[in-house]
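Notes to accompany the following structure.
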Amino acid sequence: MTRRSAVAPSVSKGLGLLPALVLALIMACLALLPALALLPATVASAAAVRSTVGSSSVDYVSILSAGGYALPHGWRLTVAATASPKSVSVTASIAHAFSPGSAEEHQWEISKLPASSVSSIGAGSWRVNPPAAEISPVFKAFDLTFKTTSRSPVACTSGSETEYKGTLSGSVLLDTGFRSLGTVGAARLSFNSPNLAVLDHSCSQRPVCASNTVAWAEVSASAPTSPAASGVTMEGTDRIVLTRATQLARPANAGRADVILGVGPPPSLNGKTLSVTTKAVSIIKGSATFNIDMSLPPETSSCWAKGVEHTQHVTSSLASVSSSLHAKTLLTGTIATPASGEGTITRLSYS
């Protein structure tokens, strides 16, 4: 699937310092502006990758339990799977919503699983069943079946893509490692709707215009694995993401991301200084100041809004950052960005 954002070139330059999860979040938000209100990390991680379906064609397939499965104490479990001819990744997330726009999410992902972990069991239906030895001890069980109830084609400028809605059921047992939750899921469960799947054969789509948008990102210069922060202004609100990634000892190619979503007013730009603050209702507290060190050459590209072609304007800057952004989580203590680091600022408009 080729979902191009008109802003991808500049953002990619400036955000190379960020962990992949944060970059995926920002890119997905920008690609879907202004319709997207708040993007869960699970959706970002479920971007389609290639899978062999049938005997002669190579397609992209992704499966996502967007509706989730209710857990005790207000938590909700979602799962996703992405597949390629050579490997598969599976993801499970638990999320807890707070005030509007604020949430805590913890996401486990295991990648480079055998391609046989996802198999087609009929038109628009798949089974996700990775070998137990390659997902233990994170998963005590992961065996799910997606069955289509409806399908719709996606408009592509080239290639093709089909989106499916359906049922997702089976068994998922996730060992969270958190004393208060332990193992979550069930040996028999059905995820609430919507459950989604995407089957894509090299679909290219027109870039969506981003209007009056500011994207910013911060990461430690000395410790790239430290918690990172990023934000995208959408509909008059700064959607802030605070994330911390941990590589797990077992199994191979497994990791956990702790992701906090918060909100703030649109950041203010005064000369070469961008100021980021948070709202009182946000789980993320504190502020950050970006002092622009260098501006990159502006870029333009074609984009589309309501079927009409426009010109996307992108300006990006590199900055030094001082920050006190932090969040007190329910499960992992306090996540806080480094007091100083490097960052980027990207401003978007179209004409």
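The values are calculated or read from the model by the stated rules, or taken from the named source; none is laboratory data. Remember, it's a predicted structure, so these values are computed and weren't measured experimentally. Cβ atoms come from the backbone with ideal geometry, glycine included; neighbour counts cover every protein chain shown.
Remarks
- Of residues in segment 212-222 being among the aliphatic types (A, V, I, L, M) and either more than 18 Å from A319 (Cβ to Cβ) or surrounded by 24 or more Cβ atoms within 10 Å (Cβ to Cβ) (or both), the one modelled with the lowest pLDDT: V219
- Unique residue being aliphatic (A, V, I, L, M), under 25 Å from P85 (Cα atoms) and either in contact (Cβ under 8 Å) with a residue 60 or more places away in the chain or in contact with a helix residue (DSSP H, G or I) (Cβ under 7 Å, 6 or more places away or on another chain) (or both) when the list is L189, L181, L144: L144
- Residue in segment 122-134 that is farther than 27 Å from G159 by Cα and in a strand (DSSP E or B) present: no
- Test set (1) under 30 Å from R256 (Cβ atoms); (2) surrounded by 17 or more Cβ atoms within 10 Å (Cβ to Cβ) - K328 fails condition number: (2)
- When T334, T344 are checked against the criterion of being surrounded by 14 or more Cβ atoms within 10 Å (Cβ to Cβ), closer than 29 Å to A95 by Cα and of a type in the set (S, T, Y), T344 stands alone in meeting it.
- Just one of the listed residues (S160, S230) is over 23 Å from the mean Cα position of the chain (by Cα), closer than 30 Å to Q312 by Cβ and assigned to a strand (DSSP E or B), and it is S160.
- Candidate set: segment 308-331, residues that are among the β-branched types (V, I, T) and in contact with a Ser or Thr (Cβ under 9 Å, 6 or more places away or on another chain); chosen: the one farthest from V208 (Cα to Cα): V321
- Count of segment 275-309 residues, restricted to those that are closer than 30 Å to T157 by Cα, part of a loop (DSSP other than H, G, I, E, B) and not basic (K, R), is 3.
- For the condition modelled with pLDDT of 95 or more, exposed (fewer than 14 other Cβ atoms within 10 Å of the Cβ) and among the charged types (D, E, K, R), E235 does not qualify.
- Members of segment 300-351 found to be in contact (Cβ under 8 Å) with a residue 60 or more places away in the chain and among the basic types (K, R), listed by number: R347
- Applying the set (1) crowded, with 16+ Cβ neighbours inside 10 Å; (2) without any contact (Cβ under 8 Å) to a residue 24 or more places away in the chain to P297 leaves exactly one unmet item: (1).
- Meets criteria (out of contact with any strand residue (DSSP E or B) (no Cβ under 6 Å at 6 or more places or on another chain), crowded, with 16+ Cβ neighbours inside 10 Å and within 22 Å of E105 (Cα to Cα)) for L168: no
- Residues being more than 30 Å from F139 (Cα to Cα) and not in a strand (DSSP E or B) - total across segment 246-274: 5
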